[in-house]
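Engineer: First the structure, which I've put down as structure tokens, then a few questions once you've had a look.
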Amino acid sequence: RFAGTLVPDGAIISNAYLTFKVAGAGEGGSDPTAEMTVYGEYGETDSFDNDDYDISSRARTSAQVEWDLTSPGVDTIVDTPDLATIVQEIVDHPDWEGDGTNISDMTFIIKHRDGSTSYANHELQTFDALDFKPTLTVEYFLGAAPVDKYTAAGMRFSNVDVPQGATVTGAYIDFTVA
């Protein structure tokens, strides 16, 4: 559950994913792939408690994304596939506020995929981990959709002092928004 998610009402989601740290991996016999389905909680979300069926009884988004996690090493950082369809459904809910109130919380439900014969078990760190907390990344835009998700720009720089024949092992451009 990600409380106070600041995604404005009316946002068009172009990409979204969760990032986890693997706390344990490898159980599941000969098949190292955990076959999972990711859903969102549809509507106002509540904090988790220890009641029976607290998670399974929650209203789910109709949007869902399959996630196959194969042989992650312990302490590996892993991302889910793109969850934009799930996040879009959450943000499109009539009660979504996107202003940091509890009606802007996003909860994701990850469960063993129905019909899967895989029994791999990979443990992901949750919010109470001390060294790495899961993160939610959401990319969105407001207004008219861009023509292309990716835009290329050509740039030419004069007087860059790099000796001929040099091997460049890294470079970056630092922009300041004014």
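Engineer: Scan (1) of a type in the set (D, E, K, R); (2) in contact with a strand residue (DSSP E or B) (Cβ under 7 Å, 6 or more places away or on another chain); (3) free of Cβ contacts under 8 Å to residues at least 60 places away in the same chain for the single condition Asp95 breaks and write down its number.
Structural biologist: (2)
Engineer: Something else now. Scan segment 71-92 for residues that are closer than 18 Å to Ala11 by Cβ and either among the β-branched types (Val, Ile, Thr) or at pLDDT below 90 (or both) and jot them down. Even if it seems obvious, please write down each step before you answer.
Structural biologist: Let us first name the residues in segment 71-92 that are closer than 18 Å to Ala11 by Cβ, namely 82-92.
Those that are closer than 18 Å to Ala11 by Cβ and either among the β-branched types (Val, Ile, Thr) or at pLDDT below 90 (or both): Thr85, Ile86, Val87, Ile90, Val91.
Engineer: Next up: In segment 36-59, what residues are modelled with pLDDT of 85 or more and of a type in the set (D, E, K, R)?
Structural biologist: Of everything in segment 36-59, just one residue is modelled with pLDDT of 85 or more and of a type in the set (D, E, K, R), namely Glu41.
Engineer: If you check Leu18 against the conditions, is it open to solvent by 50 Å² or more (accessible area, probe 1.4 Å) and either part of a loop (DSSP other than H, G, I, E, B) or modelled with pLDDT of 90 or more (or both)?
Structural biologist: On the way: open to solvent by 50 Å² or more (accessible area, probe 1.4 Å): no; either part of a loop (DSSP other than H, G, I, E, B) or modelled with pLDDT of 90 or more (or both): yes.
So Leu18 fails the test.
The values are calculated or read from the model by the stated rules, or taken from the named source; none is laboratory data. No experiment lies behind these values; they were computed from the predicted model shown. Cβ atoms come from the backbone with ideal geometry, glycine included; neighbour counts cover every protein chain shown. For the accessible areas, the whole protein counts, side chains as well, though only heavy atoms, and no ligand, DNA or RNA atoms are used. Shrake-Rupley method; radii C 1.70, N 1.55, O 1.52, S 1.80 Å.
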